[in-house]
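Quick notes on the structure that follows.
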Amino acid sequence: MSLATAHPNAVSDESQDYIWTLNFGPQHPATHTTLRLVLKLDGERVVEALPDIGYLHSGFEKLGESLDYNQYVTITDRMNYISPMSNNVAWHGAVEKLLGIELPRRAQYIRVIVAELSRISDHLLCNGAAGLDTGAFTYFMYAFYQREVLYDIFETLCGARFTNSYTRVGGLMYDMTPLVIEKIRAFVKDFPKTLDDMERLLNRNKIFIDRTKGVGVLTKEEAINRSASGPVARGSGVTRDLRKDEPVLPYGDFDFQVCCATAGDCYARYLVRMAEMRESLGIVQQAIENLPQGPINVPIGERTALPTKRMVYSTIEGTISHFELEMSNRGFKVPHDECYSAIEAPNGELGFYIVGNGSDVAWRARCRPPSYIHFALFPHLIRGHTLSDIVAVLGSLNIIAAELDR
Amino acid sequence: MTDSATIAALAARFPEVKTSEFRGTTRAVVLSKSLYDALAFLKSERQFDFLVDITCVDYLHYRGAEDRFGLVYLLANTETNERITVRTFLNEPELTVPSAVSLWEGANWMEREVYDMFGITFAGHPDLRRILLPEEFTAFPLRKDYPLQGRGERHNFPVLTRENA
């Protein structure tokens, strides 16, 4: 096996012939997505885990150099497809920072709402799958029923359930209709009951606690030194949350808490995610009740967001603006400069480093993928644990292979 | 977002550092030979304990660019939420910089990805191998001179058949 021998720290097989090698993945139900691990085992104990990734590498960053700023949002959907809305918000947040655009108030609030709903959707999947992997099937069904409700909300909002592509440079694709607001209100009202049920099912479940407590412990110093962010870092006692610390969106208007745990094991990460869902629900409720009136796009003078069809057909400014934006040799002007902007995505700090070159196509569109950085922690976390703990640790890190490999 | 004391301290320690400001972010350009010292200085003296990301940009035919590659280190301080971007420029054939793994363990896979995509080597890295692309791959696809059309490297790969596998 070339991978195992290529590694400088590979265990020499002559002196330790009781160590055996097991290939895990890339097509294994418990990895959820396409990733491969070469495990060196002493009986059932993991001596070393060598991750082999890249099976889903599809050149997303290279595609960013030939698709324009609005087209590339469809690619960001496919990075972390569990919370595509967050990726859309992160990508266009970075583009708007590069362009120096200030969004209208209503658009900012709607972005907060969709980002928080996608956080709930992501945490439901992550915790639900963690429960499923450790034997809690009912819990998984409870979580997935609510994800279905969220998909319905996204479908009513923008027509797509899975790959939303909802944001645009300088605004959003569609405004929120009264029907969407009604559905979100119903979700805000109903969801706490499910959350209570889920907590009662698993929080004090002996099997689940035995499988997760003390497994995959990450200390606070290691979490910071190894660039962990999001629930993985907060489960280890790092209080960093970009929503509080350096908000791109108006999170200062809402009353919410940053959820932390100190144990740093799989159970702590699970608890952080459960608590974050409640806080996100509170943010959604506050935002939906205080949703400002007004436009969802920047004025057409900025020449980045498409004007409405009514403006195109009835005003000369609208027609010109539409023409300028639609023609392939026009587009909008971007500074010859580069910047980085990040949001607190469900998985951690999701940022984009964009280099502009004057045209409406980026020179370089680098994504800081939290899954990639968290998967680098995995060999460290699993060392010394048993084979069956692999699914518990993988589940608690919430590795999405599409974002891992991009 | 960067404290002015940080910029002053960095300029005092490394006089050749050039800083610029764009959209509230401070970028410091250091020479590649003092890159490691600058990163170590920022980590130990200014408490930039969190390495956000390492990435690279190929400036081939970019307007006004004098150097080929720009390495970008995004640093953050988890206590004060201060951020700074450290950049350095590299030209062929000297595409080697010291590895930052001894400062931040998180740099390991980030440097491997930069090596994989741009061919920049990090001296002192514990395990510098390709990470996303297969080991047989010969090119560095995020470089700007990588062709976007054609047959690519795939036809050079060894073909495995059932008999000789």
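Taking helices (runs of 4 or more DSSP H) as the structural unit, those lying wholly within the stretch A:38-148 and holding at least 2 residues that are within 14 Å of another protein chain (Cβ to nearest Cβ), closer than 30 Å to residue B:61 by Cβ and small (Gly, Ala, Ser) correspond to A:84-99. Against the test of being out of contact with any helix residue (DSSP H, G or I) (no Cβ under 7 Å at 6 or more places or on another chain), without any contact (Cβ under 8 Å) to a residue 40 or more places away in the chain and of a type outside the set (Lys, Arg), the options A:289, A:317 yield a single qualifying residue, A:289.
Can you name the residue in the stretch B:121-138 that is away from chain A (no Cβ under 11 Å) and surrounded by fewer than 19 Cβ atoms within 10 Å (Cβ to Cβ) and is also nearest to residue A:62 (Cα to Cα) among such residues?
B:138
When residue A:336 is tested against (1) within 10 Å of another protein chain (Cβ to nearest Cβ); (2) crowded, with 22+ Cβ neighbours inside 10 Å; (3) closer than 25 Å to residue B:87 by Cβ, just one condition goes unmet, and that condition is (2). Being touching a Ser or Thr at 6+ places or on another chain (Cβ under 7 Å), farther than 25 Å from residue B:142 by Cα and within 12 Å of chain A (Cβ to nearest Cβ) is a description that applies to residue B:50. The single condition among (1) under 11 Å from residue A:167 (Cα atoms); (2) surrounded by 23 or more Cβ atoms within 10 Å (Cβ to Cβ) that residue A:94 does not satisfy is (1).
If you filter the stretch B:23-39 down to residues that are within 14 Å of chain A (Cβ to nearest Cβ) and not in a strand (DSSP E or B), you find that the one that is nearest to residue B:124 (Cα to Cα) is B:39. The combined condition, being closer than 15 Å to residue A:83 by Cα and assigned to a helix (DSSP H, G or I), is not fulfilled by residue A:164. Given the condition more than 10 Å from chain A (Cβ to nearest Cβ), within 27 Å of residue B:2 (Cα to Cα), within 14 Å of the chain's Cα centre (by Cα) and in contact (Cβ under 8 Å) with a residue 40 or more places away in the chain, answer yes or no: does some residue in the stretch B:73-85 qualify? Within the stretch B:73-85 (the criterion being more than 10 Å from chain A (Cβ to nearest Cβ), within 27 Å of residue B:2 (Cα to Cα), within 14 Å of the chain's Cα centre (by Cα) and in contact (Cβ under 8 Å) with a residue 40 or more places away in the chain), the answer is no, since none of the residues qualifies.
Scanning the stretch A:314-344 for residues that are modelled with pLDDT of 90 or more and of a type in the set (Phe, Trp, Tyr) returns a single hit, A:340. Taken over the stretch A:224-281, residues that are more than 14 Å from chain B (Cβ to nearest Cβ) and basic (Lys, Arg) amount to 3. The condition of being crowded, with 23+ Cβ neighbours inside 10 Å, of a type in the set (A, V, I, L, M, F, W, C) and in contact with a Leu (Cβ under 9 Å, 6 or more places away or on another chain) holds for only one of A:284, A:312, A:298, that being A:284.
One residue alone among B:63, B:162, B:68, B:143 is exposed (fewer than 13 other Cβ atoms within 10 Å of the Cβ), more than 9 Å from chain A (Cβ to nearest Cβ) and among the basic types (Lys, Arg), and that residue is B:162. Against the list (1) on the phi > 0 side of the Ramachandran plot; (2) touching a Phe, Trp or Tyr at 6+ places or on another chain (Cβ under 8 Å), the condition residue A:64 fails is (1). Of the candidates A:406, A:366, the single residue that is surrounded by 22 or more Cβ atoms within 10 Å (Cβ to Cβ), touching a His at 6+ places or on another chain (Cβ under 7 Å) and either under 19 Å from residue A:88 (Cβ atoms) or away from every other protein chain (no Cβ under 14 Å) (or both) is A:406. Residues in the stretch A:276-313 that are at pLDDT 90 or above and among the small types (Gly, Ala, Ser): A:280, A:282, A:287.
Give the stretch A:151-171 a look and list any residue that's closer than 25 Å to residue A:104 by Cα and without any contact (Cβ under 8 Å) to a residue 60 or more places away in the chain, or say none. Of everything in the stretch A:151-171, those that are closer than 25 Å to residue A:104 by Cα and without any contact (Cβ under 8 Å) to a residue 60 or more places away in the chain turn out to be A:153, A:155, A:156, A:157, A:158, A:159, A:160. Of the residues making up the stretch A:377-388, those that are surrounded by 22 or more Cβ atoms within 10 Å (Cβ to Cβ) and in contact with a Gly (Cβ under 8 Å, 6 or more places away or on another chain) are A:381, A:382.
Considering (1) of a type outside the set (A, V, I, L, M); (2) at the interface with another protein chain (Cβ under 8 Å from one of its Cβ atoms); (3) under 13 Å from the mean Cα position of the chain (by Cα), the lone condition that residue B:88 does not fulfil carries the number (2).
The values are calculated or read from the model by the stated rules, or taken from the named source; none is laboratory data. Computed from a predicted model, the values in this text were never measured in an experiment. Virtual Cβ from ideal backbone geometry, glycine too; neighbours counted across all protein chains shown.
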